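Trainee: Got a structure for you, written out below as structure tokens; questions coming shortly.
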Ligand code: SME
């Protein structure tokens, strides 16, 4: 399915107030993982209270051991401090990288802002080499923008 076609679906999941936020986030992860062929693992990490670390809040795909990631560590931890999108076409070329699965070839992490503050991120792993484009960045920024509204 085309990324733009997923936008209304993401929107309708997130606005469903009958579900807890965590359930809605899990459904968004499942939607993305099911509908985008090269999205093999999709998760949302959030800042863990006052601690300088990220905590996994929702995901779709294989369970990971990396449910807590210190700021600065791995691709995710670097985005927690850089506040910038991080697109990794080839994870083998990264030295500050936390491997979750031997099948992962590429990764994209997009920060999630609420009132200008970086409170978390969406993280996607792909088994396809170099699959992510500007279109993925724009789409995931849309997703994070909608998720951010739940935390305002
Ligand atoms: N690869 C990430 C760790 C999280 S897993 O991809 C689920 C990183 O380097 O931060």
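Throughout, read-outs are computed from the coordinates displayed, never taken from laboratory work. Quick caveat, the model's predicted, so the values are computed rather than measured. We place every Cβ from the backbone using ideal geometry, glycine too, and count neighbours over all the protein chains shown.
Trainee: Can you report the principal axis dimensions of the chain using only the alpha carbons, biggest first, rounded to whole angstrom?
Mentor: Taking max minus min along each principal axis of the Cα atoms, the chain gives 41, 38, 27 Å.
Trainee: If neighbour count is taken as other Cβ atoms inside 10 Å, put 32, 14 in order from fewest to most.
Mentor: 14, 32
Trainee: Where does the chain land at 222 nm, in deg cm²/dmol rounded to the nearest 500, when only DSSP H runs of n ≥ 4 count, each adding -39500 (n - 2.57), divided by all residues?
Mentor: Only helices count here, giving -11000 deg cm²/dmol.
Trainee: Could you tell me the relative contact order of the chain? Use alpha-carbon pairs under 8 Å, at least six residues apart, and round to a whole percent.
Mentor: It comes to 22 percent, rounded to a whole number.
Trainee: Which order do the peptides 88-97, 118-127 take when ranked by the mean count of other beta-carbon atoms within 10 Å per residue, highest first?
Mentor: Answer by packing, highest mean first, reads 118-127, 88-97.
Trainee: Taking the highest mean first, how do the peptides 15-22, 76-83 order by number of other beta carbon atoms within 10 angstrom per residue?
Mentor: The densest-packed peptide leads the list: 76-83, 15-22.
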